[in-house]
Amino acid sequence: MERRMLVLSIGFLLDILFGDPYWLYHPVRGIGWMISGMEKVLFHCFRIYPEREKEQKKKQVAGFFLVVFILLFSVGLPFLILKAAGRYCPGLAFGLECFWCYQLLAMKSLKKESMKVYAALVEGDIKAAREAVSMIVGRDTANLTEEGITKAAIETVAENTSDGVIAPMLFILFFGVLGGFFYKAANTMDSMVGYKNDKYYDFGKCAAKLDDILNFIPARVSAACMAAASFFCRLDWKNAVRIFKRDRYCHASPNSGQTEAVCAGALNIQLAGDAYYFGKLCHKPVIGDNKRKPEAEDIRLANRLLYGTAILAWGIGILFFLR
């Protein structure tokens with residue numbers, strides 16, 4: 001347990017200081033490449049043609065094999081590397097754990113990418129803002145208004161406070177860095193094949209269900225920490241709690257709405273609502289009260305809330321295991 005706490009603390013500090021080095025190999029990108037490759041292989045092996053509608057069972061079975069293979073690969077490879085390193089050089093194994101933990105957390109990179117949207121909006125460059133936000137959201141961005149761009153960026157920061165920071169922290173704290181790899185593999189699969197369109201609805205169902213299960217507790221821990229952090233960040237914590245209680249299930253995902261509701265309440269804005277995905281309008285309920293229009297400054301405040309939530313969760317986790 002002491003080792004896992006130390007690994008998490010070092011990785012967390014490195015992420016705060018440096019963020020992801022884009023020039024260096026990243027394990028999550030490697031997992032993404034494997035998912036893309038295995039998708040093509042499985043579609044070929046199972047003779048799945050996305051344009052055909054009556055292939056529900058085949059797609060579900062293929063999707064199950066995708067989940068099994070990716071999880072085994074994502075956990076098995078670092079396990080073998082750590083085992084070999086631990087046998088010949090224990091210090092190297094510890095260093096690898098710390099470095100991988102640092103790479104599995106995405107706090108500073110999330111802030112950096114969302115602040116690109118903020119910078120473009122402040123400069124009045126809507127085209128650049130649309131391009132920047134397209135890198136961090138799954139919705140169609142070509143026709144987003146300034147308000148739509150702002151909301152999309154804030155929603156991503158709020159949702160990924162759990163998916164990109166708190167959830168991997170919890171898995172690393174309880175199960176070590178291999179637990180972090182397990183979680184990130186499942187989460188990456190959901191983000192790549194968990195869409196509810198004709199191609200992926202059945203193929204990505206297993207990945208989506210697994211992601212929902214794995215995020216059930218982390219999403220609620222994240223929401224609780226975010227509500228508390230909104231007090232320390234001098235935001236509207238009372239409204240954050242109120243909107244959380246009222247709107248946390250106003251989302252297609254049982255987990256994403258948890259932190260989005262807290263963030264909307266803390267900033268006194270309205271998030272979610274209808275959006276286009278792959279050219280089709282998706283009707284979604286709104287989260288929060290429409291007291292004012294979201295502004296570019298709210299992206300900066302959402303990132304302040306992100307950092308406050310992460311630091312608070314890390315501190316509580318360390319104190320919990322030290323008591």
Exercise. Which residues, taken from the range 47-99, are surrounded by 12 or more Cβ atoms within 10 Å (Cβ to Cβ), outside any helix (DSSP H, G or I) and not charged (D, E, K, R)?
Worked result: Ile48, Pro50, Cys89
For this session: Please find, among Ile172, Ile149, Ile217, the residue that is modelled with pLDDT of 90 or more, within 18 Å of the chain's Cα centre (by Cα) and open to solvent by less than 20 Å² (accessible area, probe 1.4 Å).
Result: Ile172
Seminar exercise, completed: Within the range 215-242, the count of residues that are of a type in the set (A, V, I, L, M, F, W, C) and in contact (Cβ under 8 Å) with a residue 40 or more places away in the chain comes to 11
Exercise. Since Lys245 meets every condition but one in (1) under 23 Å from Lys184 (Cβ atoms); (2) basic (Lys, Arg); (3) without any contact (Cβ under 8 Å) to a residue 24 or more places away in the chain, which condition does it not meet?
Worked result: (1)
For this session: For the range 152-169, name all the residues that are among the polar types (S, T, N, Q) and open to solvent by 10 Å² or more (accessible area, probe 1.4 Å).
Result: Thr156, Asn160
Exercise. Just one of the numbered conditions (1) among the small types (Gly, Ala, Ser); (2) touching a Ser or Thr at 6+ places or on another chain (Cβ under 9 Å); (3) closer than 22 Å to Gly273 by Cα; (4) surrounded by 18 or more Cβ atoms within 10 Å (Cβ to Cβ) is not true of Gly194; which one?
Worked result: (2)
For this session: Evaluate the range 22-35: report whether one residue or more is under 30 Å from Leu312 (Cβ atoms), touching a Ser or Thr at 6+ places or on another chain (Cβ under 6 Å) and at pLDDT below 85.
Result: no
Exercise. Do you know which of the residues in the range 250-275 that are small (Gly, Ala, Ser) and outside any loop (DSSP other than H, G, I, E, B) is nearest to Thr309 (Cα to Cα)?
Worked result: Ala266
For this session: From Leu77, Leu82, grab the single residue that is among the aliphatic types (A, V, I, L, M), over 14 Å from Ala207 (Cα atoms) and touching a helix residue (DSSP H, G or I) at 6+ places or on another chain (Cβ under 6 Å).
Result: Leu82
Exercise. Got at least one residue in the range 284-298 being surrounded by fewer than 16 Cβ atoms within 10 Å (Cβ to Cβ) and in a helix (DSSP H, G or I)?
Worked result: yes
For this session: Search the range 4-46 for residues being among the charged types (D, E, K, R) and within 29 Å of Lys108 (Cα to Cα), and hand back the single one that is surrounded by the most Cβ atoms within 10 Å (Cβ to Cβ).
Result: Asp15
Problem set entry | Among (1) part of a helix (DSSP H, G or I); (2) of a type outside the set (A, V, I, L, M, F, W, C); (3) closer than 29 Å to Ser162 by Cα, the one test that Tyr25 misses | (1)
For this session: Consider Phe244 carefully, then state whether it is buried (at least 19 other Cβ atoms within 10 Å of the Cβ), of a type in the set (Phe, Trp, Tyr) and outside any strand (DSSP E or B).
Result: yes
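The values are calculated or read from the model by the stated rules, or taken from the named source; none is laboratory data. Because the structure is a prediction, the values reported are computed rather than measured. So basically every Cβ, Gly included, is an ideal-geometry build from the backbone, and we count neighbours across all protein chains shown. For accessibility, only protein heavy atoms count, side chains too; no ligands or nucleic acids. Shrake-Rupley method; radii C 1.70, N 1.55, O 1.52, S 1.80 Å.
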